[in-house]
Each structure stands twice: as C-alpha cells, then as structure tokens.
Amino acid sequence: MSPSEQTEHTPAYHRADYVGHLVRVDIPGTLAYLESVGETGMARALRQKLSDPTPYATGDALLDAILNAYQTYFQGCFAPAGQSLETAERAARETLAAQLGAIFPKTETNPEALQDGAKKAFEAAGWHFLGGMTQGYFGPYIWQTTTRTDYAVEIPAGIETVTVFWMDGFLMRSWLDWLSDGEVGAGGWAKDEGLYCVRKVYADKLDTPAFQISFLKHEAQHHADFRLGELEPWLLEYRAKLVELIY
C-alpha cells in the first residue's frame, strides 16, 4: 500500500476517543488508538514520558525533588510492566512515600501526611498547592497565580452571585495532565468560597454556552440549592441540568 493510500484509509483522530482511553487509564489502548489514527508523534511522546521523562528543573532543588518524586510515582502507576493497575499503584505509592520521606524526614510515612511538607515548601516559594487524590491517584495541582471574578448569574429563581477563582501558570495539574502533556486534565473544582477554574480550559469559551450556561448557570443553581439543605446528589444534578435546558 502506498503512503497516499495509507493516509486515505487511516481513520480520523477524535479527541473524545483519545480522552476516553486516558480517563479509563487504558494506556495500551491509548497507544494503540494513537497509532491507528496516524498520531505516531503523540504515541512516541507518551512512550517516552513513561520510560524516560524529562526531569523537572525549576531552579529550586527542593521543589524539583518533590516534582520528580511525583513524576516517578506517575511512571510507576502507568507503566506497570505486567502488573495490574491496583498493584502498580500500591508499589508506586510506597516509592512516593519513601522519596517524600527522604525529603521531609521525621514526619509521617504516608503520602497523605507527607503532602503537607510539599505544600509548605511550594507555598514558601510563592506557589499555590492542592494535594490529595484525583480518581484514585495522587498528584498535586500546583499553580502560580489566582485572580477572582464575581458573576451575577440569572437563574429561574432570580440572580445568584457566583465567585470564580481563575488559576494560571500551572507547574503540575495531576496525573491526566502529566500523561497528556497538558491536553487533558481537571478544569477546576468547587469549594465553599467559590469555584476554582483552570483559565486555559475556559479561556476561549467565556462568551459561549459552554461557559455561560453549562458552567455558570449550572453551578449557580447548585449554589442556590445548597441553601435548601441537604439534597440528594442526583436531585442537585437534575435541577442544574434543567436550568441548562431552560436557557
């Protein structure tokens, strides 16, 4: 088959299919999909990241040691060498605890507690740090700046004020961002004080229904419903989706 015929018969790349494989932590499936649609460069970059990633080099030895410990954890989780994902994560977690424990001696020996030391180190250097787990895997969110915008959002019951905290300058955005070189990752999260949003995820959507309706009105309805007391999660989502449909 000639190169032109190969190109003609190669299936088209669809981002949703790529994201689907990654979100399911199907690394072999992700690589096979990328190869099947001709995205050999993306497949090569993912293999390189899993086998020999570029070390972090921020210029701060302490921060680099923390970042590289998490990078080693990601490698252990997602390049399991014949192990199940669960077994690989447990082993990678032990390595992460050992590496962070060497950086922060005389502290707790589990990753949850050791993240406190990492948080303090990054905050002392002027960064924001959110630890914890995302979909069963460790991996912090580390970013440079946060700015606030208050939105007056119309919903069926009236005007609801929603505070959005825009985050910029990410150094790490947990494991999906790492696997995809920034192509896929969490767009934000909700806290009592407002909604934290990754600006680059929404930067080109601020005037579109994706942000104005599916995000702002959806979250404003949640914000209003929280004052009604404890509602079942399915009911909260149902009411917010109804608001999206109304607009």
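Under the Kirkwood approximation for Rh and a Cα-based Rg, what ratio Rg/Rh is obtained for segment 30-135?
Result: Rg/Rh = 1.03.
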Open item on the list: Treating segment 178-233 as a set of equal point scatterers at the Cα positions, no solvent, please give the Debye-formula log₁₀ I(q)/I(0) at q = 0.17, 0.19, 0.25, 0.28 Å⁻¹.
Closed with: -0.67, -0.79, -1.08, -1.19
Task: Largest-first ordering by accessible area, 1.4 Å probe, given options Asp150, Asp192 - done: Asp192, Asp150
Task: Neighbourhood net charge (10 Å Cβ-Cβ; Lys/Arg +1, Asp/Glu -1) for Val198 - done: +1
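Taking all protein chains in place and a 1.4 Å probe, what share, in percent, of the accessible surface of the chain do carbon and sulfur account for?
That share works out to 54 percent.
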Task: Modelled label reach - Gln212, point 7 Å along Cα→Cβ, segment 153-184 residues with backbone N closer than 19 Å - done: 153-164
Open item on the list: Using the basic label-point model (7 angstrom from Cα toward the beta carbon), what is the Thr147 to Arg44 distance in nanometres?
Closed with: 3.8 nm
Task: Environment charge at Tyr18 (Cβ cut-off 9 Å; Lys +1, Arg +1, Asp -1, Glu -1) - done: -2
- [ ] Would you rank Glu39, Glu237, Glu244 by solvent-accessible area, highest first, keeping every protein chain in place and using a 1.4 Å probe?
- [x] Glu237, Glu39, Glu244
Task: For Ile246, solvent-accessible area (1.4 Å; no DNA, RNA or ligand), Å² - done: 110 Å²
Task: (i) 20.9, 65; (ii) 17.9, 55; (iii) 17.0, 52, with the label sought being that of the calculated Rg and Dmax of the Cα atoms in Å - done: (i)
Task: Average accessible area per residue (Å²) across the chain - probe 1.4 Å, nucleic acids and ligands excluded - done: 54 Å²
Open item on the list: So, taking all protein chains as they sit and a 1.4 Å probe, how much accessible area belongs to Ser36, in Å² rounded to tens?
Closed with: 60 Å²
Task: the chain, helix-only ellipticity at 222 nm - DSSP H runs n ≥ 4, -39,500 (n - 2.57), divided by all residues, nearest 500 - done: -15000 deg cm²/dmol
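The values are calculated or read from the model by the stated rules, or taken from the named source; none is laboratory data. Quantities reported herein were computed from a predicted structural model and do not represent experimental measurements. Cβ: placed from backbone, ideal geometry, glycine included. Neighbour counts: every protein chain shown. Side chains are part of the model used for accessible areas, which takes the heavy atoms of the whole protein and leaves out ligands, DNA and RNA. Shrake-Rupley method; radii C 1.70, N 1.55, O 1.52, S 1.80 Å.
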